[in-house]
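One structure is given below, encoded as structure tokens.
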Amino acid sequence: MSYFIDLVIVGLSIGMVYALVALGISLIYSGLDVVHFAHGEIYMLGAFIGLWIFKTFHLPFPLVLLGSMILTGLVGMFIERVFYRRILRGGGGYTVGGMAMVICGFGMSIVLQNVAFLIWGPRAVPFPVSYGMPVELGNITLPAAYVWIVAAALLLMAALHLFLKHTRLGLAVRAVAGNKEIAYLMGINVPMTISVIFGVACALGAAAGVLVGPINYVYVLMGLGILIKAFAAAVIGGFGSLPGAVLGGLLVGVIESLGAGYLSGSYKDIYAFILLIFVLMVRPAGLFGVLAKVKA
Amino acid sequence: MTTADAILTSADVVGGYGTVQILNGVTLKVARGQIVALLGGNGTGKSTMLKALSGLIKPWSGSIVFDGERIDGMRPDRIVRLGLVQVTQGKEAYPAMTVEENLLLGAHVITGRAARARGLERAYTYFPILKERRRQLSGTLSGGQLQMLCIGRGLMSEPKMMLLDEPSAALAPQVVLDIFRTIFRICRDGMTLLMVEQNVRMALLLAEYGYVIKDGVIHLEGPAEKMISDDAVRLSYLGGTVADRDAKMAL
């Protein structure tokens with residue numbers, strides 16, 4: 001039984017990481033009707049930037065996390081402003097602009113990988129944060145890293161929720177996600193709001209990268225696997241739905257962990273997709289999705 | 001009317017979508033504090049004109065001046081900041097947001113917390129039903145309530161002038177009457193209004209001046225009471241547009 005609970009807890013904490021990346025993908029999708037295929041590289045970039053802050057300034061971990069989120073968010077806004085905006089002027093979704101944006105996302109992911117390769121080299125490097133002593137919960141002993149991941153991710157999700165529900169800018173983000181033309185008529189600066197959406201999504205991706213760093217190595221290709229998992233999580237939850245992205249991420253994490261623990265670790269990457277296929281067979285729109293686009 | 005007291009003037013506005021020209025030179029004028037009706041049947045260019053005024057499309061040529069500033073080709077959010085706001089049709093409220101969130105969205109250009117709260121109170125004074133429903137998702141409102149929500153939302157940015165896009169669309173006659181009464185109250189309190197309508201009779205009862213648009217140009221214009229009573233030919237022409245609407249509703 002305690003083995004089972006261990007697996008669930010490990011799964012939940014990895015699931016939180018998937019959920020953060022999936023939240024970013026869903027946020028961009030709900031705002032722009034496009035899938036951002038370079039989001040895995042944003043996650044990688046966030047991890048490297050966090051590592052750089054950690055090694056250069058020797059800041060405590062929460063500040064490293066925050067710093068990486070801000071810097072990576074700014075990088076995301078820069079990428080949106082300079083590269084994506086010209087393409088998206090033609091509209092998102094199933095338009096010519098939307099298709100071009102998908103291709104551009106793939107291109108951006110290759111560019112970012114190579115930029116990271118030039119700066120940080122090909123080696124996987126450890127992220128030597130010391131989280132402190134393992135945490136005791138009844139008769140279960142948890143490595144502190146997992147507690148950190150879950151706590152930080154929950155905090156970020158709560159912050160995102162408060163931002164979207166209770167701030168003027170958050171309301172504008174939801175309006176732009178719902179309908180850009182009407183958002184314009186409300187006096188909302190739509191291009192600027194789209195930049196904000198990108199910045200927030202990239203900051204969440206960076207947070208995932210920094211959180212996972214200490215239990216994993218940081219390396220240039222770390223974004224490949226996470227993109228596919230987070231994408232699966234977003235689809236399972238219902239594409240464009242933010243609660244769905246969180247639930248999908250947790251499900252993927254737990255299923256993967258249980259599968260690896262009880263069946264076989266070498267097929268770890270398959271379980272998420274078995275879950276994906278199953279969910280899509282039963283509920284094609286995903287768990288929280290409606291077939292029309294969900295308006296955040 | 002002289003140009004001096006005009007808050008909005010458009011001169012020879014030509015425009016359309018892609019390469020399809022819809023507006024073939026629209027010239028109109030709205031005086032400060034006036035209610036003006038822009039009438040016409042389906043596909044005559046009234047909605048396109050509205051989009052040109054609110055900035056959703058950029059005119060190909062011609063000029064639009066609001067409150068002393070050229071606004072043709074300006075981004076819609078900047079036009080709202082100048083004080084010209086388009087009230088959307090009721091169906092264009094955000095269904096997944098609450099009534100109050102929709103209203104606050106209208107106050108996006110207002111940053112002060114107190115001013116936003118004042119705006120809410122003002123909207124609730126005109127439409128008390130919205131206050132009762134303020135925690136409800138706007139997707140659960142009736143058609144009439146949605147239209148009220150959109151008018152209230154338009155008021156939230158404290159505009160100098162509002163553009164109304166068919167406030168009577170798809171509503172029962174009693175509801176239309178209610179809404180027009182409130183629109184009249186809003187104008188009496190100092191609002192300037194340009195209203196696009198297919199419900200010609202109602203619009204002319206409310207408005208002081210009317211324009212009829214046909215094939216993308218102003219076909220006729222005049223004081224509202226003259227338009228509504230005078231000319232049998234005009235009436236039958238205007239009647240035709242009402243029949244269009246009824247036929248559309250019957251479908």
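Only one entry of B:83, B:90, B:41, B:33 meets the criterion of being under 17 Å from the mean Cα position of the chain (by Cα), crowded, with 24+ Cβ neighbours inside 10 Å and among the small types (Gly, Ala, Ser), and that entry is B:90.
Please work out if residue B:58 is surrounded by 19 or more Cβ atoms within 10 Å (Cβ to Cβ) and within 14 Å of chain A (Cβ to nearest Cβ). Judged against the criteria, residue B:58 is not a match. Scanning the range B:160-182 for residues that are within 14 Å of chain A (Cβ to nearest Cβ) and either over 15 Å from the mean Cα position of the chain (by Cα) or of a type in the set (D, E, K, R) (or both) yields B:160, B:165. Can you tell me which residue within the range B:110-140, out of those that are assigned to a helix (DSSP H, G or I), within 11 Å of chain A (Cβ to nearest Cβ) and over 17 Å from residue A:177 (Cα atoms), is farthest from the chain's Cα centre (by Cα)? Checking each candidate, the answer is B:113.
The number of residues in the range A:116-143 that are in a helix (DSSP H, G or I) and either of a type outside the set (Phe, Trp, Tyr) or open to solvent by less than 70 Å² (accessible area, probe 1.4 Å) (or both) comes to 3. Being under 27 Å from residue B:130 (Cβ atoms) and out of contact with any strand residue (DSSP E or B) (no Cβ under 7 Å at 6 or more places or on another chain), is that true of even one residue in the range B:5-26? Checking the range B:5-26: not a single residue is under 27 Å from residue B:130 (Cβ atoms) and out of contact with any strand residue (DSSP E or B) (no Cβ under 7 Å at 6 or more places or on another chain).
What are the pairs with Cβ atoms under 8 angstrom where one residue, in the range B:145-159, is more than 9 Å from every other protein chain (Cβ to nearest Cβ) and the other, located anywhere, is among the acidic types (Asp, Glu)? Sequence gap at least six, or different chains. Once the first residue is more than 9 Å from every other protein chain (Cβ to nearest Cβ) and sits in the range B:145-159, its partners that are among the acidic types (Asp, Glu) give B:150/B:92.
Screening residue A:34 against (1) open to solvent by less than 10 Å² (accessible area, probe 1.4 Å); (2) in a helix (DSSP H, G or I) leaves a single unmet condition, (2). Taking the range B:2-13 as the range and being of a type in the set (A, V, I, L, M) and either in a loop (DSSP other than H, G, I, E, B) or open to solvent by 10 Å² or more (accessible area, probe 1.4 Å) (or both) as the test, the residues that pass are B:4, B:6, B:11. Out of all the residues in the range B:83-109, which are farther than 17 Å from residue B:163 by Cβ and either in contact with a Pro (Cβ under 6 Å, 6 or more places away or on another chain) or not in a loop (DSSP other than H, G, I, E, B) (or both)? Passing the criteria: B:98, B:99, B:100, B:101, B:102, B:103, B:104, B:105. Of all residues in the range B:189-222, those satisfying the criterion of being in contact with a strand residue (DSSP E or B) (Cβ under 6 Å, 6 or more places away or on another chain) and open to solvent by 40 Å² or more (accessible area, probe 1.4 Å) are B:208, B:209, B:217, B:219, B:221. Just one of the numbered conditions (1) out of contact with any Pro (no Cβ under 9 Å at 6 or more places or on another chain); (2) farther than 21 Å from residue A:29 by Cβ; (3) of a type outside the set (Lys, Arg); (4) modelled with pLDDT under 95 is not true of residue A:61: (1). For residue A:243, the conditions (1) surrounded by fewer than 24 Cβ atoms within 10 Å (Cβ to Cβ); (2) assigned to a helix (DSSP H, G or I); (3) in contact with a Lys or Arg (Cβ under 9 Å, 6 or more places away or on another chain) all hold with the exception of (3).
The C-beta contact set for the range A:235-246 (first residue more than 11 Å from residue A:19 (Cβ to Cβ), second residue open to solvent by 10 Å² or more (accessible area, probe 1.4 Å) and of a type in the set (Phe, Trp, Tyr), distance under 8 angstrom, 6+ apart or interchain) comprises A:238/A:288; A:239/A:29; A:240/A:29; A:241/A:288. Filtering A:112, A:171, A:154, A:162 for residues that are touching a residue at least 40 places away in the same chain (Cβ under 8 Å), more than 21 Å from residue A:85 (Cβ to Cβ), out of contact with any strand residue (DSSP E or B) (no Cβ under 9 Å at 6 or more places or on another chain) and part of a helix (DSSP H, G or I) leaves a single hit, A:154. Please verify whether the range A:213-228 includes one or more residues that are away from every other protein chain (no Cβ under 14 Å), assigned to a loop (DSSP other than H, G, I, E, B), in contact with a helix residue (DSSP H, G or I) (Cβ under 8 Å, 6 or more places away or on another chain) and open to solvent by less than 30 Å² (accessible area, probe 1.4 Å). Yes; the residues of the range A:213-228 include at least one that is away from every other protein chain (no Cβ under 14 Å), assigned to a loop (DSSP other than H, G, I, E, B), in contact with a helix residue (DSSP H, G or I) (Cβ under 8 Å, 6 or more places away or on another chain) and open to solvent by less than 30 Å² (accessible area, probe 1.4 Å).
Pairs linking a residue in the range B:73-101 that is in contact (Cβ under 8 Å) with a residue 60 or more places away in the chain to a residue that is in a helix (DSSP H, G or I) and surrounded by fewer than 18 Cβ atoms within 10 Å (Cβ to Cβ), with Cβ atoms under 7 Å and 6 or more positions apart or on different chains, are B:90/B:143. In this structure, is residue B:101 within 10 Å of another protein chain (Cβ to nearest Cβ) and open to solvent by 40 Å² or more (accessible area, probe 1.4 Å)? For residue B:101, the condition - within 10 Å of another protein chain (Cβ to nearest Cβ) and open to solvent by 40 Å² or more (accessible area, probe 1.4 Å) - is not met. The set of residues in the range A:187-207 being touching a His at 6+ places or on another chain (Cβ under 6 Å) and either open to solvent by 10 Å² or more (accessible area, probe 1.4 Å) or assigned to a helix (DSSP H, G or I) (or both) consists of A:205 alone. Residue count for the range B:127-164 under the criterion of being open to solvent by 20 Å² or more (accessible area, probe 1.4 Å) and of a type outside the set (S, T, N, Q): the result is 14.
Residue-by-condition table, conditions (1) facing chain B (nearest Cβ under 7 Å); (2) of a type outside the set (A, V, I, L, M); (3) at positive phi:
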| position | (1), (2), (3) |
| --- | --- |
| A:157 | no, no, no |
| A:163 | no, yes, no |
| A:168 | yes, yes, no |
| A:180 | no, yes, no |
| A:183 | no, no, no |
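Looking only at the range B:28-59, residues that are more than 20 Å from residue B:202 (Cβ to Cβ) and of a type in the set (S, T, N, Q) come to 2 in all. Here residue B:223 fulfils each of the conditions (1) modelled with pLDDT of 90 or more; (2) farther than 19 Å from residue B:50 by Cα apart from (1).
The values are calculated or read from the model by the stated rules, or taken from the named source; none is laboratory data. Note that the structure is predicted; figures quoted are calculated from it, not measured. All Cβ positions, even for glycine, are placed from backbone atoms using ideal geometry, and neighbour counts span all protein chains on display. Side chains are part of the model used for accessible areas, which takes the heavy atoms of the whole protein and leaves out ligands, DNA and RNA. Shrake-Rupley method; radii C 1.70, N 1.55, O 1.52, S 1.80 Å.
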